[in-house]
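The values are calculated or read from the model by the stated rules, or taken from the named source; none is laboratory data. Everything quoted here is computed from the prediction, not taken from an experiment. Reconstructed Cβ throughout: ideal geometry from the backbone, glycine too, with neighbour counts over all protein chains shown.
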Amino acid sequence: MFNFLNSAVLIAAAAALIPLLIHLFSRRRVKVIEFSSVRHLRQMQKRQVRRIRIRQLLLLLLRMLIILVAVLAFARPASKGGYLGSHAGVSSVILLDRSASMQRQVKDGRLFDLAKKKVSDILSNFGEADELILIPFDRRTYFPAGERFFSRDIAKNILSDLTAGYEEGNLGEAYNKAIELLIKAQNLNKELYIVSDRQLNALPENVDSLPSGISAYFVDLPVEVDGNCGVVNVNLGGQLIEVGTDFAIRAGVKNYDDRPKTELLASLFVDGIRVMQTEFRLEASGTEMVQFKHAVYTPGYHSGWIEIGDDGFSPDNRRFFSFHIPEQFTVLIVDGDGGGELIKLALMPSEKLARYWSVKSVNVELLASSRINDYDVVILSGIGSLGAAETSRLLHYVDGGGGLFYILGGAIDAHYFNRHFSNKLGVRVLAAPPASFSRAGYYNLERFDFTHPIFNAFTPFDAEDGPMLRFYTLPKIQDSPGNRDLSYFSNGAPALVEVGIGLGRIIMMTAPLIPRYSDIAGHSFFVPFIIRTIEYLSGDASAYEMNNIVGRNVLRSLEGRKMGFGPVEMITPDNQVYTIAGAEQSGQVVYDCRPVEQPGIFLLKYDGRRVDMFPVNLAADESDLAAADFDYLAGALRVKGARVIPYGSPSSGVITEARFGRELWKVFLWAVAILMTVEILLAREGAVEPVES
């Protein structure tokens, strides 16, 4: 039993009667004259005429059959085997991958553009009675016309407006949603089309099985993967960046090809200007770290990127970063033992540095009248105790984002400290330093945490080759497990302890700094140590970022006490402007920055001035363009019997065969050729025209 895919042509089968009509109207009537001399041949003539008439009848039937079979071939016969109800309406879902990896350039053009052409070709197989839904997807699943089926014309309009994005792929979520929609569809015939580069990183770990009543189609695309290299990370090493001082930038570049790459170039751009370039090579499937050094000579917001040469996948050839150097640090020193003057001198050894440092020193009695919220950092140097109101204000200041550098002095009130700070710092003072002590013995400062931003710029050293930092006496301290201790004394006691409280942080030094107790102030180590500690505690001082990912939520926290609590303007890398409202949290304004749908540098402006800058980068996994074969894809999606639509051929052949069975027009054309050959041979044998009686 056959289905005919072009049944309108069958009306032409009537043309098979033409040879019969020609035969009937062209028969010649011959007058017979008998001769007595040939009567003996009559019997032989009858036998010959009978054979000729049989041959003519066969020729007539062959010619009629040739026309009939040719017409049937053009009617596109198909064998029974398509799904039940193949002439009924079809409900289809087309999943179109728009993730970043679809932006790669292949021999025939951009992969996403080729995918759109293939979807357009698939749409030509749908009629007015069919319904479908086109679902683009990346990390998220989109429904441009809502979660409903629509016509082919609407699908074409949606397709024309689609562009590839920069997010990761998530085929599993889109696949499960497609199954859910097809189960609810009303038509008996249901189809699922998957148009994707089959990126291994995007395949799901667990999905629903495809129901038996749904036909699945995988669309083949030219997923060329050779030759890609990408910048996968940028690392500023936790350093604090200062005006006029070189800082290091390292970038990881990965080769996703199984062939080595030589004579590659990596460039450093800062504030839009190429400032350095270096040549490097990559081993097959290897990673290389390229390093640059640069300095900026103005405070404020700066941005940049690391860039490598073009290849087939350009979105991963840049990796963005940004950093901020405050225009001025404001510091309040509460001096209880004279150590505050040493700190002030370390921060401002000359008046020309006043443009970067604003330092005010007060005694304990004047703290009550000081507006501590106007300062980036408060330093308590050698105080014995504070009043309850001042202590409460100080802790609230830290909770709201301020920084506190607490230096224990020789006159520390252990009861006061333990009551107000012990639980927060995880440190308990058992006894203050003794009032009298011998300077014959001492404790060294050692075991620094060189991964911390304060010490990252220092060359790691051990007790033998490092500075001899002597402390002649120490308080008795009890340290809690789990604290982040940044340095220790040679007796194993913690020397520097860091703790975060709310939006701010406290760094505590557990011994006095003044010369009576220590010689640290006379070492070259002292000034950079103080500067970097205060910069670090400033919160946003020398802050830098590079880890925001396209499509993910980006929350920015700004100081409400400095800029108010109003909405800000977010300017995207392509100069689109969005207004974003903030939410107040403990003296900070938190902004949920959306949309961040492309890599690059984003700006936040408040009242016309720049208040923040942050980079957004491509997810590193998108650089790995390795593709699954169709068997692996079918296994990952738990699909059986999926059909593959070839890239270089029309989709109609595969879809038609699935819907209606296998097309047999080629077989019919071969039958026409065979019948014509038989007809020619038979006609040649009967070239002599018989005599009609």
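In the range 587-640, which residues are under 25 Å from ILE179 (Cβ atoms) and either basic (Lys, Arg) or touching a His at 6+ places or on another chain (Cβ under 9 Å) (or both)? Those that are under 25 Å from ILE179 (Cβ atoms) and either basic (Lys, Arg) or touching a His at 6+ places or on another chain (Cβ under 9 Å) (or both): ARG638, LYS640.
Please indicate, with yes or no, whether at least one residue in the range 398-407 is at positive phi and either in a loop (DSSP other than H, G, I, E, B) or touching a Phe, Trp or Tyr at 6+ places or on another chain (Cβ under 8 Å) (or both). Taking every residue of the range 398-407 in turn, at least one turns out to be at positive phi and either in a loop (DSSP other than H, G, I, E, B) or touching a Phe, Trp or Tyr at 6+ places or on another chain (Cβ under 8 Å) (or both).
Filter the range 577-595 for residues that are in a strand (DSSP E or B), within 27 Å of VAL398 (Cβ to Cβ) and not hydrophobic (A, V, I, L, M, F, W, C); which is modelled with the lowest pLDDT? Quick ask: steps written out before the conclusion?
Kept after step one, since they are in a strand (DSSP E or B), are these residues of the range 577-595: 577-580, 582-585, 588-593.
Those still in the list that are within 27 Å of VAL398 (Cβ to Cβ) too: 582-585, 588-593.
Checking the rest, the ones that are also not hydrophobic (A, V, I, L, M, F, W, C) come to 582, 584-585, 588, 591-592.
Working: GLY582: 87, GLU584: 79, GLN585: 73, GLN588: 69, TYR591: 90, ASP592: 92.
Among residues in the range 577-595 that are in a strand (DSSP E or B), within 27 Å of VAL398 (Cβ to Cβ) and not hydrophobic (A, V, I, L, M, F, W, C), the one modelled with the lowest pLDDT is GLN588.
Comparison of ILE158, ILE179, ILE183 shows that the only residue that is exposed (fewer than 15 other Cβ atoms within 10 Å of the Cβ), part of a helix (DSSP H, G or I) and touching a residue at least 12 places away in the same chain (Cβ under 8 Å) is ILE183.
Scanning the range 606-620 for residues being out of contact with any strand residue (DSSP E or B) (no Cβ under 8 Å at 6 or more places or on another chain) and either modelled with pLDDT of 90 or more or part of a strand (DSSP E or B) (or both) gives a total of 1.
Checking PRO453 against (1) touching a helix residue (DSSP H, G or I) at 6+ places or on another chain (Cβ under 8 Å); (2) farther than 30 Å from VAL589 by Cβ: exactly one of these is not met. Which one? Only one criterion in (1) touching a helix residue (DSSP H, G or I) at 6+ places or on another chain (Cβ under 8 Å); (2) farther than 30 Å from VAL589 by Cβ is unmet by PRO453, namely (2).
Determine, yes or no, whether ASN189 is closer than 27 Å to ASP621 by Cβ and polar (S, T, N, Q).
Values: closer than 27 Å to ASP621 by Cβ: no; polar (S, T, N, Q): yes.
So ASN189 fails the test.
Consider TYR406 carefully, then state whether it is more than 21 Å from LEU342 (Cα to Cα), modelled with pLDDT of 90 or more and surrounded by 14 or more Cβ atoms within 10 Å (Cβ to Cβ). Before the answer, list the steps.
Numbers: more than 21 Å from LEU342 (Cα to Cα): no; modelled with pLDDT of 90 or more: yes; surrounded by 14 or more Cβ atoms within 10 Å (Cβ to Cβ): yes.
No: the conditions fail for TYR406.
Only residues that are at pLDDT 95 or above and assigned to a strand (DSSP E or B) were counted in the range 111-140, giving 5. Within 30 Å of PHE329 (Cα to Cα) and either of a type in the set (Gly, Ala, Ser) or over 23 Å from the mean Cα position of the chain (by Cα) (or both): does that describe VAL243? It is true that VAL243 is within 30 Å of PHE329 (Cα to Cα) and either of a type in the set (Gly, Ala, Ser) or over 23 Å from the mean Cα position of the chain (by Cα) (or both).
Yes/no matrix, rows are residues, columns are (1) surrounded by fewer than 22 Cβ atoms within 10 Å (Cβ to Cβ); (2) under 30 Å from PHE458 (Cβ atoms):
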residue: SER196; (1), (2): no, no
residue: LEU200; (1), (2): yes, no
residue: VAL219; (1), (2): no, no
residue: GLU224; (1), (2): yes, no
residue: LEU236; (1), (2): yes, yes
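Looking at this structure, is ASN547 at pLDDT 85 or above, surrounded by fewer than 21 Cβ atoms within 10 Å (Cβ to Cβ) and not in a strand (DSSP E or B)? Considered against the rule, which asks whether it is at pLDDT 85 or above, surrounded by fewer than 21 Cβ atoms within 10 Å (Cβ to Cβ) and not in a strand (DSSP E or B), ASN547 comes out as no. Taking only pairs six or more apart or across chains, which ones have beta-carbon atoms under 6 Å, a first residue in the range 426-442 that is within 18 Å of SER518 (Cβ to Cβ), and a second residue that is in a loop (DSSP other than H, G, I, E, B) and of a type in the set (Gly, Ala, Ser)? From residues that are within 18 Å of SER518 (Cβ to Cβ), the pairs are PRO433/GLY410.
Can you pull out the residues in the range 345-373 that are in a loop (DSSP other than H, G, I, E, B), at pLDDT 75 or above and under 21 Å from GLU535 (Cβ atoms)?
From the range 345-373, those in a loop (DSSP other than H, G, I, E, B) are 348-350, 356, 363, 370-371; that's our starting set.
Imposing the further condition that a residue be at pLDDT 75 or above reduces the set to 348-349, 356, 363, 370-371.
MET348, PRO349, TYR356, listed by residue number.
Could you name every one of the strands (runs of 3 or more DSSP E) located completely within the range 291-336 that has at least 3 residues being within 18 Å of the chain's Cα centre (by Cα) and over 12 Å from ASP271 (Cα atoms)?
Details: elements: 300-308, 318-325, 329-335.
Correct list: empty, since no element meets the threshold.
For ARG505, the stated conditions do not hold, so it cannot be described as surrounded by 18 or more Cβ atoms within 10 Å (Cβ to Cβ), outside any loop (DSSP other than H, G, I, E, B), within 32 Å of the chain's Cα centre (by Cα) and at pLDDT 85 or above.
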